[in-house]
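Student: Let me give you the structure first, and then I'll get to my questions.
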Amino acid sequence: MADPLHQFQIQKIVDLPTVEVAGIPVDLSITNSVMAMIIGTGAVILFFLFATARTAIIPGRMQVMAEGLFGLIDDLAESIIGDEGRHFFPFIFTLFLFILSLNLVGMTTYFTATSQLAVTAALAVLTIGAVIVVGFARNGLGFFKLFVPSGVPWWILPLIVVIEVVSFLMRPITLSLRLFGNMVGGHIVMKVFAGFVVALAGLGIGGVVGAVLPLLSVVALTALEFLVAYLQAFVFAVLTCVYLNDVVNLGHH
């Protein structure tokens, strides 16, 4: 049976020289992970180019899909953050589309970039970094009120502040691990069941009959993974809205 972890190995596609940035060596080579991100980004750009090329009052299929995605995230940002949610719509929409495209590329081609913790961690740090920047830009030092909930008795306040700080610091970790874990776990299970199909089919007629059940399982898991690919991108967008809401509407915290 093929190694189910082999699909997550980073491999160089185009070997480029290593350069130093602030004394840190950076390999500029294009790997299968980088290529998956390029494909995903290119697919999103092409999709919206074609979807908006011939806009009409009575939209076609691609225009309906594009408007549906746009409306989904627009409504999400406005419902969670409020009227100011549209100020952050481009950031949230870009994150959602980027993660969704990487997840779908992993379902249809050779590599899933979101199965790499470095990729999901970078997205999580970018999100929390944006939250911190917005928090200080809008509230100044009042940003630290985020860690001091109102209405808490003074004698328990120090403990609550510590819990709030730890909770905030855990946000990028949970964001990155949630996306990473779901994509890795789902793909490993699919690979294992697919291996059962191949192994049983090689045993003869009896094995072919026995391979029907794992084959049906692979089909069901594939459908489930497409759903998970969308849900994980959506959950990431929802949590981004929630974290932004905390600092945008800090007075209501």
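Student: Being open to solvent by 30 Å² or more (accessible area, probe 1.4 Å) and either under 12 Å from the mean Cα position of the chain (by Cα) or of a type in the set (Phe, Trp, Tyr) (or both): is that true of Ala122 here?
Tutor: On the way: open to solvent by 30 Å² or more (accessible area, probe 1.4 Å): yes; either under 12 Å from the mean Cα position of the chain (by Cα) or of a type in the set (Phe, Trp, Tyr) (or both): yes.
Yes: the conditions hold for Ala122.
Student: Let me spell it out: the conditions are (1) assigned to a helix (DSSP H, G or I); (2) open to solvent by less than 60 Å² (accessible area, probe 1.4 Å); (3) touching a residue at least 24 places away in the same chain (Cβ under 8 Å), and Phe193 meets all of them except one. Which number is the exception?
Tutor: Here Phe193 meets the rest and fails (2).
Student: Now, a different point. Given the conditions (1) within 17 Å of Met35 (Cα to Cα); (2) open to solvent by less than 60 Å² (accessible area, probe 1.4 Å); (3) in contact with a Ser or Thr (Cβ under 9 Å, 6 or more places away or on another chain), and given that Leu100 satisfies all but one, which numbered condition is not satisfied?
Tutor: (3)
Conditions tested, residue by residue: (1) modelled with pLDDT of 80 or more; (2) more than 18 Å from Val105 (Cα to Cα).
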position	(1), (2)
Ile13	yes, no
Pro25	yes, yes
Val34	yes, no
Gly42	yes, no
Phe48	yes, no
Ile57	no, yes
Glu67	yes, yes
Ile73	yes, yes
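Student: Which one of these is under 12 Å from the mean Cα position of the chain (by Cα) and farther than 19 Å from Leu224 by Cα: Ile73, Ile92?
Tutor: Working: Ile73 fails: under 12 Å from the mean Cα position of the chain (by Cα).
So the residue among Ile73, Ile92 that is under 12 Å from the mean Cα position of the chain (by Cα) and farther than 19 Å from Leu224 by Cα is Ile92.
Student: On to the next question. Suppose we keep only residues that are touching a residue at least 40 places away in the same chain (Cβ under 8 Å) and surrounded by 12 or more Cβ atoms within 10 Å (Cβ to Cβ) within the stretch 143-167. Which one would you say is nearest to Tyr243 (Cα to Cα)? Let's see the steps before the verdict.
Tutor: At the first step, the residues of the stretch 143-167 found to be touching a residue at least 40 places away in the same chain (Cβ under 8 Å) are 143, 145-146, 149-150.
Cutting the leftovers down to surrounded by 12 or more Cβ atoms within 10 Å (Cβ to Cβ) gives us 143, 145-146, 149.
On the way: Phe143: 13, Lys145: 14, Leu146: 11, Pro149: 15 Å.
The extreme case among them is Leu146.
Student: Follow-up question, since we're still on this one. Considering (1) in contact (Cβ under 8 Å) with a residue 60 or more places away in the chain; (2) open to solvent by 40 Å² or more (accessible area, probe 1.4 Å); (3) within 23 Å of Thr109 (Cα to Cα), say which one Phe236 fails and leave the rest.
Tutor: So the condition that Phe236 fails would be (2).
Student: What number goes with the only condition from (1) of a type in the set (A, V, I, L, M); (2) in contact with a Gly (Cβ under 8 Å, 6 or more places away or on another chain); (3) open to solvent by less than 20 Å² (accessible area, probe 1.4 Å) that Leu95 does not pass?
Tutor: (2)
Student: Something else now. Would you mind telling me which numbered condition in (1) surrounded by 19 or more Cβ atoms within 10 Å (Cβ to Cβ); (2) more than 29 Å from the chain's Cα centre (by Cα) Val209 fails?
Tutor: Going through the list (1) surrounded by 19 or more Cβ atoms within 10 Å (Cβ to Cβ); (2) more than 29 Å from the chain's Cα centre (by Cα), Val209 breaks only (1).
The values are calculated or read from the model by the stated rules, or taken from the named source; none is laboratory data. Remember, predicted model here, so these are calculated numbers, not experimental data. Quick reminder, even Gly has a Cβ in these numbers, built from the backbone with ideal geometry, and neighbours come from all protein chains shown. Each accessible area value is taken on the protein alone, full model and side chains, heavy atoms only, with ligands, DNA and RNA left out. Shrake-Rupley method; radii C 1.70, N 1.55, O 1.52, S 1.80 Å.
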